[in-house]
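Enquirer: Got a structure for you, questions after.
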Amino acid sequence: MSGATPPPPSHVTALRIRGDGRVGVELDGDRTLEVPLEVMNAEHLSVGDPVDAQLEARLVEAEVRARLRAAAFSLLSVRARSRRELADRLKRKEFPVGLIERCLDEFEDAGWIDDPSFARSVVRDRLRLRPRGPGRMTQELRTKGLSEAVAREAVDAVFDEEEVSIEALALEVARGWFRRQGAGVRAALRSDAFSPERDKARRRFHAFLARRGFTGSAARDALETLRREPDHG
């Protein structure tokens, strides 16, 4: 039995150069493909040329790749992202996974995405704007799609570069919390005498610092320093 007869090729009915480096390739049946100019030059297409199934598949893939690159650049123009963050956003736009991975490989080679640099940038921002302990920062980086090794290396490197003491950072965060409390809570924390109010205030204090990624010893040291400092309300 002979194979099915391949469909007749389409033909190029018009070529329209866009201002964004792409060419609108108009085909029979009112179909238009937006193809990168370099692909058009490689294919040497002219009006009237036949476009068989294989060539059309190449042109369609070139069109998808161009839209994929544009979408990736658009996402990166908003803010830096990890490779996995970018991949997840592009998958939501329903681009083929294989093309996404090839695109991101290209972006990595060009330095447009760089997970270690991105991780260190996030840590520096957090230290300036929302200080957290090393453990909490590592967890946050992991939620952004960074590996455990990259996350830990970034936290360790930035803490070392910025000469950040975990104890000093815990005290800075604790002071911010302390200033936001009412006079009763501050007095309870400073009290030497046991009371339900003091116990409750200390539990809240330790829970707050634990959520920010600080160890119990760092929290205890911070509390002792706060208790010795004058209360300016």
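Enquirer: So what are the ³J(HN,Hα) numbers for the range 195-205, from phi and the Karplus equation (6.51, -1.76, 1.60; θ = phi - 60°), rounded to whole Hz, Gly and Pro as x?
Expert: 7, x, 5, 5, 4, 5, 5, 5, 4, 4, 4
Enquirer: If I take every Cα pair under 8 Å that is 6 or more residues apart in the range 72-118, average their sequence separation and divide by the length, what percent do I get for the relative contact order? Mind dumping the intermediate values first?
Expert: On the way: 25 pairs, mean separation 22.1, N = 47.
Reported as a whole number, the value is 47 percent.
Enquirer: Quick check: the angle from helix 134-143's long axis to the longest principal axis of the chain, C-alpha only, nearest 10 degrees?
Expert: It works out to around 20 degrees.
Enquirer: Per DSSP H run of n ≥ 4, the term is -39500 (n - 2.57); total these for the chain, divide by its residue number, and report the mean residue ellipticity at 222 nm rounded to 500 deg cm²/dmol.
Expert: Details: 11 runs with 147 residues, N = 233.
Roughly -20000 deg cm²/dmol at 222 nm, from the helical runs in the chain.
Enquirer: Search the structure for amide H atoms under 5 Å from the amide H of VAL23, placed 1.01 Å from N in the peptide plane, and list their residues when 5 or more places away or on another chain.
Expert: ARG18, VAL35, LEU37
Enquirer: Relative contact order for the range 80-233: what percent, with Cα pairs under 8 Å and sequence separation of 6 or more?
Expert: Working: 136 pairs, mean separation 36.4, N = 154.
Taking the mean separation of contacting Cα pairs over the length of the range 80-233, I get 24 percent.
Enquirer: Using a 1.4 angstrom probe on the protein heavy atoms only, line up LEU15, LEU99, LEU189 by accessible area, largest first.
Expert: Numbers: LEU15 60, LEU99 20, LEU189 0 Å².
Listed by decreasing accessible area, they come as LEU15, LEU99, LEU189.
Enquirer: Once a ≥ b ≥ c are taken as the square roots of the eigenvalues of the Cα gyration tensor of the range 118-200, is the result rounded (a/c under 1.5), prolate (a/b larger than b/c) or oblate (a/b not larger than b/c)? Walk me through the intermediate numbers first.
Expert: Values: a/c = 3.04, a/b = 2.59, b/c = 1.17.
In terms of gyration-tensor shape, prolate.
Enquirer: Can you list residues from other chains, or at least 5 along the same chain, whose modelled amide H is less than 5 Å from the amide H of HIS11?
Expert: Amide H neighbours of HIS11, under 5 Å, 5+ apart: ASP28, VAL51.
Enquirer: Give me D for the chain in µm² s⁻¹, whole number, from Stokes-Einstein with Rh from the Kirkwood sum over alpha-carbon pairs, 25 °C and 0.890 mPa s. Present the calculation step by step, with values, prior to reporting the outcome.
Expert: Working: Rh = 22.6 Å.
Translational diffusion coefficient: 109 µm²/s.
Enquirer: Just going by the charge dipole of the chain, with Lys and Arg at +1 and Asp and Glu at -1 on Cβ, which of SER217, ALA201, HIS44 is farthest out on the positive end?
Expert: Going by the charge dipole, the pick is ALA201.
Enquirer: Further, regarding this structure: How much solvent-accessible surface does LEU129 expose, in Å² to the nearest 10, with a 1.4 Å probe and all protein chains in place?
Expert: Near enough 130 Å² of accessible area.
Enquirer: Let me ask something additional. Helix 83-92 against the longest principal axis of the chain: what's the angle in degrees, Cα atoms only, rounded to the nearest 10?
Expert: Tilt of helix 83-92: around 60 degrees.
Enquirer: Continuing with this model, one more query. Let me check against my output: what whole-number percent is the relative contact order of the range 112-183, with C-alpha pairs under 8 Å and at least 6 apart?
Expert: On the way: 43 pairs, mean separation 27.0, N = 72.
Averaging sequence separation for qualifying contacts and normalising by length gives 38 percent for the range 112-183.
Enquirer: By how many degrees, between 0 and 90 and to the nearest 10, does the Cα long axis of helix 53-78 differ from the longest principal axis of the chain?
Expert: 30
The values are calculated or read from the model by the stated rules, or taken from the named source; none is laboratory data. Nothing here was measured: the structure is a model prediction, and the numbers come from that model. Positions of Cβ are generated from backbone atoms using ideal geometry, with glycine treated the same way; all protein chains shown enter the neighbour counts. All accessible areas refer to the heavy atoms of the entire protein, side chains included, with ligands and DNA or RNA removed. Shrake-Rupley method; radii C 1.70, N 1.55, O 1.52, S 1.80 Å.
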